[in-house]
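Engineer: What follows is a structure written as structure tokens; I'll ask about it next.
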Amino acid sequence: EDPNLPGYTREGSEAAGGILGWGSAERVVDMWMGSRFHRDPVFYSSCGRIAFGGRPGGCFSCKSAGGAAGKPLSDVITWPGDGDTDIPTGFGGELPDPFPKGMTSSGTLIVVEFNGRQPAKQVRRLLGPDGKEVPIVVLDKTCFVARDPLESKTRYTVEIHGAGGYKYTWSFTTQ
């Protein structure tokens with residue numbers, strides 16, 4: 001907000017800079033968390049509180065409200081979380097576009113953030129219900145996607161391997 005324009009309020013200025021979404025509160029939060037960039041205000045361990053608001057008609061806004069309490073609640077944060085269900089089978093259409101050139105859609109976004117030291121020499125694997133590896137595309141140090149849309153109503157397992165025998169595993173099920 002610009003203090004020189006009509007309608008300026010301090011509250012409005014403090015609320016600016018968040019992320020927006022339309023639909024039910026549950027759908028909007030799921031959309032934010034299942035995106036590459038829109039999840040940033042609520043996903044990182046430095047965020048201790050979020051400001052979340054909405055209005056009739058289903059327009060919601062969210063931003064980090066600071067107040068991190070020091071030590072994160074978990075050493076590893078994942079999206080989808082362990083045991084999550086109804087996870088979308090695909091991902092795409094986010095702006096800015098997080099994909100490498102020529103890629104427009106994929107399987108669901110998978111995120112793993114380590115609150116502390118990153119395991120050295122990480123290898124990320126996505127496994128189908130038969131234990132076979134699903135091809136992935138790494139977007140950055142915290143995010144990767146299945147190269148192709150995932151199968152419906154299917155349980156997938158994610159494995160992160162690192163030097164020194166490090167292994168972190170979790171599972172989720174698609175819609």
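What follows draws every value from the coordinates through simple rules; no lab data is involved. Everything numeric here is computed off the predicted structure, so don't read it as measured data.
Engineer: What is the extension gain from Asp82 to Asn4, computed as 0.36 nm multiplied by their sequence separation minus the C-alpha to C-alpha distance, in nm to one decimal?
Structural biologist: Difference between extended and current length: 23.3 nm.
Engineer: Next question, about the same structure. What does the convex hull of the Cα atoms of segment 69-175 come to per residue, in Å³, rounded to a whole number?
Structural biologist: For segment 69-175, the hull spanned by Cα atoms encloses 122 Å³ per residue.
Engineer: Next question, about the same structure. Please report, to one decimal in angstroms, the Kirkwood hydrodynamic radius of segment 113-157 built from all distinct Cα-Cα pairs.
Structural biologist: Computed over segment 113-157, the radius equals 12.0 Å.
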